[in-house]
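Asks: To start, I am sharing the structure in question, which I have written as structure tokens.
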Amino acid sequence: MSEPADPLASHRRNELALLFDISLILDRSLDLRDEVGAILRALAKHTGMVRGTLTLLNRETDEILIEEGHGLSAKQRERTRYRPGEGVTGMVIQTGRPMVIPRISEEPLFLDKTGARSKMRKDEIAFVCVPIKIENEVLGALSADRIYHEPVSLDEDLHLLSIIARMIAQAVQLRRKALEDQQRLIDQNKRLQQELQDRFRPANIIGNSGVMQQVYNLVAQVAKSDTTVLIRGESGVGKELVAQAIHYNSHRTAMPFIKVNCAALPESVIESELFGHEKGAFTGAIRERKGRFELADRGSIFLDEIGDLTPAMQIRLLRVLQEREFERVGSTDTIKVNVRVIAATNRELEMLMEQGTFRQDLYYRLNVFPIHLPPLRERKSDILDLANFFVEKYSKANGKNVRRISTPAIDMLMSYHWPGNVRELENCIERAVLLSNDDVVHGHHLPPTLQTAEASNTVMAGTLENALDAVEREMIIEALKNARGNKAKAARDLGISERIMGLRVRKHAISTKAFRPARTRA
């Protein structure tokens, strides 16, 4: 004859099964609201509780709302509102302490706002309500009804609901942190995108010359479209900067901007870099890898030095431009992409076509909207603006306070022919800022390539005496400029006598009148 079942043991097994089910439910979704109903149904299934509710406190309106209710109609949930301190639920949320009501008919605090118990004998209903808390913050409450005469201790119900409330609170805390991290990443991404837009929009490309205004107009016209753009110009003129300006002022601004230097990639890897490869496609392909075109999907890809592509790669690129599809190396599966192509070159593609090293059909696919960037020697009026911009940039980067460029140094910058274009100018200014020890960029801070008669209109090469004379002349001009032509003050600033100052002014044939302020006539 078998032994009678132990009610307590059975109850314990139900509790453990309930807690296990709830742990699985809480792991299913990042949004707890999706799982509240399942939690309450599990509670009713395993404990025999006839009704359960989860209420949440809205701190903006200071109202307590029923988020989910098992055994309640949608109308009953929607119409029920509490204030902190109102009713049993309001008191639990206000105090943060649980309450057990053996008979709701004997508790004046119990309001039955839902009306769900109107057809039941209230002297048979017990009510247990526990707070849902994160540290000292009360988020809401979990409550349940039970038929009072059932042989289960209400203290055990209280203990069980408290455990479940803690599980819910921990899940809320983890989800809140995950959502905060997610929102922080979203905000950071928006901020970085805005910084990129501010940095690369055409208005922030330095230069106000007429030829650059034409470039800005072309960028503005093509940016909002998906047209393929070919940027042409010598090395160092800023082709990548224009490509970025086009992308970050387009409707693709939030999508990837992928850069590829076609000349820097060896022929053996460029196909894999552009189109990706499958695992085992070749020696060293230990895993599947996406190519640059795949990474740029829905965004833009910048193909720099396009004129250096091999004939085989030109054929593959032509297909991508025509069909917007390709296969990874080692695969026969076709991948379609939505990519805007921006290409750039410093080479004469027309000459390469005549030589048979660049495909004519690819040229016409790329050359839909050409933009020519002029060399720096053709935009002399932009040199000083660019130089001042780089002085400020590298002063901040190196913790210095270089405030200006001396007149002789400006003359050298303006006289030089700049074969390396803007990139060469930037490097020269970075060097000069590092060498400056008096918050001024002087001529002798500039590289030797600028220290020539052709660049500076002075003979600075040759003997040491000539070089010292050139530096002396520059310092005297700077002192006179600061003293507004007053030789006595300039002499004091340089730490020499007025007599020596006069001799040096005559020696270098410097006119002090040029530095005096103009007088106005009445």
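Asks: What FRET efficiency comes out for the pair residue 414/residue 347, r = Cβ-Cβ distance, R0 = 45 Å, nearest 0.05? Can you show the working numbers first?
Replies: Working: r = 29 Å, r/R0 = 0.65.
Efficiency, rounded to the nearest 0.05: 0.95.
Asks: Another question, then. Dipole of the range 266-323, Cα-centred, from +1 at each Lys and Arg C-beta and -1 at each Asp and Glu C-beta, to the nearest 20 debye? Write down the numbers at each step before the final one.
Replies: Working: 8 positive and 11 negative charges, 55 e Å.
The calculation lands at about 260 debye.
Asks: Run the numbers for residue 314 and residue 81: contour at 0.36 nm per residue of separation, minus the present Cα-Cα distance, in nm. Kindly include the intermediate steps, with their values, before the conclusion.
Replies: On the way: separation 233, 0.36 × 233 = 83.88 nm, distance 6.91 nm.
Result: 77.0 nm gained on full extension.
Asks: What number, in percent, do you get for the relative contact order of the range 378-515 if the mean sequence gap of Cα pairs under 8 Å and at least 6 apart is divided by its residue count? Walk me through the numbers on the way to the answer.
Replies: On the way: 161 pairs, mean separation 25.4, N = 138.
Computed value for the range 378-515: 18 percent relative contact order.
Asks: Could you work out the relative contact order of the range 201-374, using alpha carbon pairs under 8 angstrom and six or more residues apart, expressed as a whole percent? Provide the component values of the computation, followed by the final result.
Replies: Details: 313 pairs, mean separation 56.1, N = 174.
Relative contact order here is 32 percent.
Asks: Okay, moving on. When the Karplus curve 6.51 cos²θ - 1.76 cosθ + 1.60 is applied with θ = phi - 60°, which whole-Hz ³J(HN,Hα) does each residue of the range 262-270 get, with x for Gly and Pro?
Replies: 5, 6, 8, 9, x, 4, 6, 10, 5
Asks: Still on this structure, I have one more. Can you tell me, using C-alpha contacts under 8 Å and at least 6 residues apart, the relative contact order of the chain as a whole percent? Spell out each step's value before the answer.
Replies: Working: 818 pairs, mean separation 46.5, N = 522.
Dividing the mean separation by the residue count of the chain yields 9 percent.
Asks: If you don't mind, another one. For the pair residue 23/residue 435, report the inter-label distance in nm, with labels modelled 7 Å from Cα in the Cβ direction.
Replies: 7.1 nm
Asks: Using Cβ counts within 10 Å as a stand-in for footprinting exposure, how do 54, 464 rank, fewest first? Don't skip to the answer; put the middle values down first.
Replies: Details: 54 25, 464 7.
The most exposed by this proxy come first: 464, 54.
Asks: With charges set only on the Cβ (+1 for Lys and Arg, -1 for Asp and Glu), what does the dipole of the chain come to about its Cα centre, in debye to the nearest 20?
Replies: Values: 75 positive and 71 negative charges, 450 e Å.
The calculated dipole for the chain is roughly 2160 debye.
Asks: On to the next question. To make sure I understand, if each residue's beta carbon is the centre and we count other beta carbons within 10 Å, what order do 428, 262 fall in, fewest to most?
Replies: Details: 428 24, 262 21.
Starting with the residue having the fewest Cβ neighbours, the order is 262, 428.
Asks: Across the range 468-479, in residue order, what do the Karplus-derived ³J(HN,Hα) couplings come to in whole Hz, using 6.51 cos²θ - 1.76 cosθ + 1.60 with θ = phi - 60° and x for Gly and Pro?
Replies: Each residue of the range 468-479 in turn: 5, 4, 5, 5, 4, 4, 4, 5, 5, 4, 5, 5 Hz.
Asks: Would you order 487, 239, 177, 380 from fewest to most other beta-carbon atoms within 10 Å of each residue's own beta-carbon? Working shown, then result.
Replies: Values: 487 19, 239 24, 177 10, 380 13.
Going from sparsest to densest Cβ surroundings: 177, 380, 487, 239.
Asks: Right, here's the next one. Mind scanning 133/177; 487/507; 259/396; 224/259; 239/259; 396/481 and naming the pairs with a C-alpha gap bigger than 22 Å?
Replies: Working: 133/177 15 Å; 487/507 14 Å; 259/396 27 Å; 224/259 20 Å; 239/259 12 Å; 396/481 26 Å.
Pairs exceeding the cut-off: 259/396; 396/481.
Asks: Next question, about the same structure. Could you tell me which residue out of 475, 134, 329 lies farthest along the dipole of the chain toward its positive end? Charges go on the beta carbon: Lys and Arg +1, Asp and Glu -1, centred on the Cα centre.
Replies: With unit charges placed on the Cβ atoms, the residue in question is 475.
Asks: Ranked highest first by the average count of other Cβ atoms within 10 Å around their residues, in what order do 155-167, 334-346 fall? It would help to have the intermediate numbers written out before the result.
Replies: Details: 155-167: 17.6, 334-346: 20.2.
Top to bottom by mean Cβ count within 10 Å: 334-346, 155-167.
Asks: Shape call for the range 238-319 from the C-alpha gyration tensor, a ≥ b ≥ c root eigenvalues: rounded (a/c under 1.5), prolate (a/b greater than b/c) or oblate?
Replies: Numbers: a/c = 2.42, a/b = 1.49, b/c = 1.63.
Oblate shape, in that a/c is at least 1.5 and b/c is the bigger or equal ratio.
Asks: Residue 75: which aspartates and glutamates have alpha carbons under 17 Å from its alpha carbon, excluding same-chain residues fewer than 8 sequence positions away?
Replies: 67, 112
Asks: A further question on this structure: Could you tell me what percent of the DSSP beta bridges with both partners in the chain are antiparallel, to the nearest 5? Before the final figure, lay out each step's value.
Replies: Working: 32 of 52 bridges.
So the antiparallel bridges amount to about 60 percent of the total.
Asks: Tell me what the chain gives for mean residue ellipticity at 222 nm when only DSSP H runs of n ≥ 4 count, each as -39,500 (n - 2.57), the sum divided by the residue total, rounded to 500 deg cm²/dmol. Walk me through the intermediate numbers first.
Replies: On the way: 19 runs with 238 residues, N = 522.
It lands at -14500 deg cm²/dmol.
Asks: Tell me the label-point distance for the pair residue 41, residue 290, using the 7 Å Cα-to-Cβ offset, in nm and rounded to one decimal.
Replies: 3.7 nm
Asks: Continuing with the same structure: Please work out whether the range 378-515 counts as rounded, prolate or oblate from its C-alpha gyration tensor, where a ≥ b ≥ c are the square roots of the eigenvalues and a/c under 1.5 means rounded, while otherwise a/b larger than b/c means prolate and anything else oblate? Let's see the in-between values first.
Replies: Details: a/c = 2.01, a/b = 1.52, b/c = 1.33.
Cα axes put the range 378-515 in the prolate bin.
Here, each number is a calculation from the coordinates, and none is a lab measurement. The model shown is predicted, which means the values in this text are computed figures rather than measured ones. FYI the Cβ positions are ideal-geometry reconstructions off the backbone, even for glycines, and counts take in every protein chain you see.
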